[in-house]
Amino acid sequence: MDIVRKTLRPIGRAAHLFFRCHLRLKLRGGVRVELAERDVAQRPPTREELLAARAQSELEEMRVQLAEVLGADPSIRQELRYLAYIEHALEQHGLRAALYKVPLDVLKKAHEQFEGLVTNWEPRGLATLRSKMAVAVIDREAHDCDGHADARPTAAVLDVVPAATPAPVPVSLRRP
């Protein structure tokens, strides 16, 4: 068995190199075939990588434009502390945490402050953040309503008790 492995090992290595590397043909002084290592940078990015890069650039755009709006006046961060909190959450934890981990009342107040502060929604980052905040508020309100409906059943539901029928006891389990 060892003899077979020893003879097949070089063939396996050659196949591994062949499929892992690029073939290059060099025509200097005749035809010469070379195996060249593939660069990871040469492969096209996957769909997930493209989506992650797009989301990261979108987050950076939102964060920078919000910082510009809040940085226009030094006292504005004190007055609009809910919106400043969202800015901080965006910077520290990302978009998902800023919209879905922050308490709902803080998110609502920040959205109201954002609506009152910005008059020009032309910058794409501000418009995107406004849209995502509005959607998050609506989603979270709907989710809270669904959760309360299940947690507090009405009296009508409690009045209906299904008739319980005792299950028959198998003969082998009965005591004599």
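Structure above, values below:
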read-out: Residue in the range 94-105 that is over 23 Å from Ser57 (Cβ atoms) and not in a loop (DSSP other than H, G, I, E, B) present; value: yes
read-out: Condition check for Leu129: assigned to a helix (DSSP H, G or I), over 30 Å from His16 (Cβ atoms) and touching a residue at least 60 places away in the same chain (Cβ under 8 Å); value: yes
read-out: Residues (of a type in the set (A, V, I, L, M, F, W, C) and either more than 11 Å from Gln113 (Cβ to Cβ) or surrounded by fewer than 16 Cβ atoms within 10 Å (Cβ to Cβ) (or both)) located in the range 77-95; value: Ala89, Leu90, Leu95
read-out: Residue match in the range 46-56 (condition: surrounded by 11 or more Cβ atoms within 10 Å (Cβ to Cβ), assigned to a helix (DSSP H, G or I) and in contact with a helix residue (DSSP H, G or I) (Cβ under 9 Å, 6 or more places away or on another chain)); value: yes
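Every read-out reported here was derived from the displayed coordinates using simple, explicitly stated rules and does not represent laboratory data. All of these numbers come straight from a predicted model, not from anything done at the bench. In this analysis, Cβ positions are derived from the backbone assuming ideal geometry, glycine residues included, and neighbour counts consider all displayed protein chains.
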